[in-house]
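Step one of this worksheet: look at the structure below.
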Amino acid sequence: MNIKEVNNLEENVFFEMFKNIFEHSDFITKLVQKNRPFNDKADIINNFLKIFDTLDMTSKVNIIKSHPDLGDKLKIKQGLTKFSQEEQSKAGLAECTDIEFDEFHNLNNMFKSKFNIPFIFAVRGKTKKEIFEEFKNRLKSDNIEQELDKSLIQVKKIATLRINEIIMDE
């Protein structure tokens, strides 16, 4: 789909297509939609990111907390947004062994216990090994503010990757 086609979508079709650019945060899509037409793909990406950046910290943390645990065996099979399911499956997380699922479960619990947010990492294009390494490296930190900043960067990266999946370069 190109930007002209995006600009010409019916409101309800646009909304359905873009509602989970930020996980379970369709209110952002409603605000972005009001800014149509977009000049190009960069323009729509910038609109999504700009609205996210203007949110208060509580709203941003709520968006972080709306992201699913990585490698959650039950949720990968059902209960994820289409984007999350595709991202985790393409990263090989749907094919984890029971031992790997247990390790993800333990790492997720440690991370949430330590930082009070889920581990957020843009897994598109990553391998299980890379994801495990990032998980373990970030768990070494004791700086909650730094981890929150990293999570916000990852949320924005995920949103950008999702838009890039929908809209082709001109």
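The values are calculated or read from the model by the stated rules, or taken from the named source; none is laboratory data. Computed from a prediction, not measured in an experiment: that's the story for all the values here. Backbone-built Cβ (ideal geometry, glycine too); neighbour counts: all protein chains shown. With ligands, DNA and RNA removed, areas are computed over all heavy atoms of the protein, side chains included. Shrake-Rupley method; radii C 1.70, N 1.55, O 1.52, S 1.80 Å.
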Taking region 119-137, which residues are surrounded by fewer than 18 Cβ atoms within 10 Å (Cβ to Cβ) and touching a Leu at 6+ places or on another chain (Cβ under 8 Å)?
Arg124, Phe132, Lys136
Selection count where residues are exposed (fewer than 13 other Cβ atoms within 10 Å of the Cβ) and within 21 Å of Asp169 (Cα to Cα), scope region 24-38
1
Does any residue of region 1-23 turn out to be hydrophobic (A, V, I, L, M, F, W, C), open to solvent by 30 Å² or more (accessible area, probe 1.4 Å) and modelled with pLDDT under 95?
yes
Region 59-84 residues that are at pLDDT below 65, paired with ones that are in a loop (DSSP other than H, G, I, E, B) (beta carbon under 9 Å, 6 or more apart):
Lys73/Cys96; Lys75/Pro68; Lys75/Asp69; Ile76/Pro68; Ile76/Cys96; Gly79/Pro68; Gly79/Asp72
